[in-house]
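One structure is given below, encoded as structure tokens.
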Amino acid sequence: MAVRLRWPEPPPAVRRWLPEPGEPIAPPATSSKLHDDRIAARLGIALAVTFTVCFLTGLWSHVQQDPPTWLAIPARPAGLYRITQGVHVITGLAAIPLLLAKLWAVWPRFVQWPPFRTVREALWRAALLPLVGGSLFLLGTGTANIAGWYPWKFDFRKAHFAASWLTMGGLLIHVAAVAGITAAALRRSLKEDDATDGRLSRRGFLGVVGAAAGVVTVTTAGATVRPLRALSVLATRDPGSGPQGVPVNRSAADAGTRGVDLGAYRLRVEGRVATPLVLTYDEVLAMSTRTASLPITCVEGWSASADWRGVPLRDLLRRAGAEPGAEVVLSSLEQRGAYRTSKVGQDHAADADTLLATHLDGQPLDPDHGFPLRLIAPNRPGVLQTKWVTTVEVR
Amino acid sequence: MRAGTAARVLAAVAGVAMFAVTVRYAVLRSIDVRPAVWVRWWVTAAVVHDVVVAPAAIAVGWLVVRFAPRWLKAPLQTALLLSAVIVAVSWPALRGYGRMPSNPTYLPRDYAGGLTLTLAVVWIACAGWAAARLVRRRQAAPLGPSVAAAPR
């Protein structure tokens, strides 16, 4: 740790523009008092909290879609995924001004000379590339994803997941490197030596960054927080729009499932069952139904509640004589697509509100909502609420 | 102090372990993650931000504090900061990048209108704040109206 590295001295004309590496941050030639450790420390803590919230809610979303064998996803509380995924997207969007302000505040360190003098400083700086690059990647790809924009050649979900581990790893190393500076910066008053000459003070700057996070939240959170709907003029989705007043992620036209021929349509229950079933649409309608008020929650953060009516999956399984506790895989009429099939875990398969729905708010399903039959289950990401269901396979 | 050092070493080791998880996942799922493309995206993001975006923001801020009159500086800094963030967040929607003719529930709103409205609220609020500062300055001016008329 005591090793001190020697660096060549740049020419004086260049040198006078480059800040010293010391602590606190040396302001650049602009001499703004906002490039300051006290601001960096406070924004850093806010970012550590928001990124941790996003990481945990993101992990939760990830395991729902790629469940590890040791984890049984619970079906209750029904609205849990709606909350965790709403928090994930709202927090991520609110973190954008925090991240940009933090990077702006510490930017003089990017051009400081020498770049590092000790092993600790070298490690600190080396971890910045994954931390900064990963943070920008996560917030940038997330913002594009909620708008349905994919200008890249990787799988969004898996690349976003990989970047989250990269970023949080970088964050832990960063926290280890700057814990001392941060603690010292938090002890110093924001007001000290803060003559503004009409400019934003440090507290004013932090207030404006907070206001920016607030404006971003109010103008977008209505995608899932219904009371904010009228104010969320920049939300990429609107919970009241779409066929039957519910948004759609994959339309019947895109899935190639428009105009299903009901004469030829059959619902099959097969696999490890005592009596395989082959039911027409009318036979499904004739079964005893149940109505459940459940949210449809997209991984992209929007959600909308509706009353769904249909046959409980567990009734079908019982009628076919499936063993209790069986695992079920649903398949769609859709020929292609990453979410053509979905696995229904034990807890969901046993829940009374896990329905193969035929009706939405009293009307037959719109083709975009999965006519003739779709899965709707409590606490489950929308991409796994399989539409146009034709096969129930018991494993 | 000892406990603090141990905690920091532990955090750094955990950070390195998370890098290992990242590499393992990216390799195992390389068909989906496309590691070479993925690395290029986040390295490019960091470089473009640090070399272009941050210096540009610092340059604009410098121009504001250098040339704007005293009463206008903070309101103008505020309006510019808020505007930059709002435009950045709404950019994909504004440009309609994810719009799908087959699915009108993506980007269902009028984003040019929404952005104009949001920016109008920000700039009107900041203009009001600047006007209040100007008025206060004039009222506080110790000399006659001829001097107070030139606020700087």
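In whole percent, what relative contact order does chain B give with Cα contacts below 8 Å and a gap of six or more residues?
About 21 percent, as a whole number.
Would you kindly derive the ³J(HN,Hα) couplings of segment B:126-132 from the backbone phi angles with the Karplus curve 6.51 cos²θ - 1.76 cosθ + 1.60 (θ = phi - 60°), listing them in order in whole Hz, with x for Gly and Pro?
So the Karplus estimates, Gly and Pro as x, are 5, 5, x, 4, 4, 4, 4 Hz.
Relative to the isolated chain, which residues of segment B:6-48 have their accessible area cut by 50 Å² or more in the presence of all protein chains (1.4 Å probe, heavy atoms, no ligands or nucleic acids)?
SASA drop of 50 Å² or more in segment B:6-48: B:Arg8, B:Met18, B:Phe19, B:Thr22, B:Tyr25, B:Asp32, B:Trp38, B:Trp41, B:Trp42.
Could you give the Stokes-Einstein D for segment A:350-395 in µm² per second, using the C-alpha Kirkwood radius, 10 °C, 1.306 mPa s?
144 µm²/s
Note down the accessible area of B:Met18, probe 1.4 Å, to the nearest 10 Å².
Using a 1.4 Å probe on the heavy atoms, I get roughly 30 Å².
Pick from B:Val53, B:Val121, B:Val21: which residue has the top mean-square fluctuation in a GNM of chain B where Cα pairs under 10 Å get a spring?
Of B:Val53, B:Val121, B:Val21, the most mobile in the Gaussian network model is B:Val21.
What is the percent carbon and sulfur in the accessible area of the protein assembly as shown, measuring with a 1.4 Å probe over the protein chains and ignoring ligands?
Accessible surface attributable to carbon and sulfur in the protein assembly as shown totals 64 percent.
Per the Kirkwood definition applied to all pairs of different Cα atoms, how many angstroms is the hydrodynamic radius of chain A?
By the Kirkwood definition, the hydrodynamic radius is 24.0 Å.
As a check on your grasp of the helix formula, calculate [θ] at 222 nm for chain B: sum -39500 (n - 2.57) over DSSP H runs of n ≥ 4, divide by the residue count, round to the nearest 500.
The helix contribution divided over chain B gives -26000 deg cm²/dmol.
Could you run the Karplus curve 6.51 cos²θ - 1.76 cosθ + 1.60 with θ = phi - 60° over segment B:80-93 and give me ³J(HN,Hα) per residue in whole Hz, x for Gly and Pro?
Per-residue couplings from phi come out as 5, 4, 4, 4, 4, 5, 5, 5, 4, 5, 8, 3, x, 5 Hz.
With a 1.4 Å probe and all protein chains left in place, how much accessible area per residue does segment A:132-281 have, in Å²?
Ligands and nucleic acids excluded, the figure is 39 Å² per residue.
Ranked from the most accessible area to the least, with a 1.4 Å probe and all protein chains present, what is the order of A:Ile90, A:Ile45, A:Ile39?
A:Ile45, A:Ile90, A:Ile39
Using Cα springs under 10 Å in a Gaussian network model of chain A, which residue among A:Ala349, A:Ala195, A:Ala377 shows the largest mean-square fluctuation?
Per the Cα network of chain A with a 10 Å cutoff, A:Ala195 tops the list.
Gaussian network model of chain A, Cα springs within a sub-10 Å range: biggest mean-square fluctuation belongs to which of A:Glu327, A:Glu121, A:Glu283?
Checking each option, the largest mean-square fluctuation is seen for A:Glu283.
At a probe size of 1.4 Å, how large is the accessible area of B:Val43, to the nearest 10 Å²?
The accessible area of B:Val43 comes to roughly 50 Å².
Any idea what the relative contact order of segment A:54-192 is, in percent, if you count C-alpha pairs under 8 Å spaced at least 6 apart?
Relative contact order for segment A:54-192 comes out at 27 percent.
Check A:Val344: other-chain or 5+ apart residues with amide H under 5 Å from its amide H, H built from backbone geometry?
So A:Val344 has HN proximity to A:Val328, A:Val329, A:Leu330.
How high is the relative contact order of chain A, in percent, with contacts defined as C-alpha pairs under 8 Å that are six or more residues apart?
18 percent
Hey, what do the phi angles of segment A:73-78 turn into as Karplus ³J(HN,Hα) couplings, whole Hz, using 6.51/-1.76/1.60 and θ = phi - 60°, x for Gly and Pro?
6, x, 8, 10, x, 4
How much of the pair distance distribution for segment A:12-228 lies past 29 Å, counting alpha-carbon pairs only, in percent?
Result for the distance tail: 35 percent.
Let's test the formula: R0 of 56 Å, r as the Cβ-Cβ distance of A:Lys191 and A:Val278. What FRET efficiency results, to the nearest 0.05?
0.15
Roughly what would the spin-label model give for A:Met287 and A:Arg336, points 7 Å off Cα along C-beta, in nm?
Each label point lies 7 Å from its Cα, and together they span 3.1 nm.
Starting from 0 in steps of 10 Å, tell me what percent of the Cα-Cα pairs of chain B lands in each bin.
Computed distribution, short to long bins: 9, 18, 21, 22, 17, 9, 4, 0.
Label segment A:244-394 by shape, choosing from rounded, prolate and oblate, from the square roots a ≥ b ≥ c of the eigenvalues of the Cα gyration tensor; if a/c is under 1.5 it is rounded, and otherwise prolate applies when a/b is larger than b/c, oblate when it is not.
Taking the square roots of the gyration eigenvalues as a ≥ b ≥ c, segment A:244-394 is rounded.
Got a number for the accessible area of A:Tyr281? Probe 1.4 Å, square angstrom, nearest 10.
Approximately 20 Å² for this residue.
For the full complex of protein chains and a 1.4 angstrom probe, list A:Val299, B:Val135, A:Val246 by accessible area with the highest value first.
Sorted by accessible area, descending: B:Val135, A:Val299, A:Val246.
Show me the helices of chain A, taken as full DSSP H stretches, that run 20 Å or more along their long axis by Cα and average -0.5 or above in Kyte-Doolittle hydropathy.
Qualifying helices, which must be both long enough and hydrophobic enough, are A:37-65, A:80-110, A:128-146, A:156-187, A:202-220.
Between A:Arg120 and B:Gln139, what FRET efficiency follows from the Cβ-Cβ distance if R0 is 45 Å, with the result rounded to 0.05?
0.25
Roughly how large is the B-A contact in terms of buried accessible area, totalled over both chains, probe 1.4 Å, nearest 100 Å²?
It comes to approximately 6000 Å² buried between B and A.
The values are calculated or read from the model by the stated rules, or taken from the named source; none is laboratory data. The model shown is predicted, which means the values in this text are computed figures rather than measured ones. No Cβ is skipped: glycine too gets one built from the backbone with ideal geometry, and neighbour counts run over all protein chains shown. We work out accessible area using only protein heavy atoms, side chains counted, and drop any ligands, DNA or RNA first. Shrake-Rupley method; radii C 1.70, N 1.55, O 1.52, S 1.80 Å.
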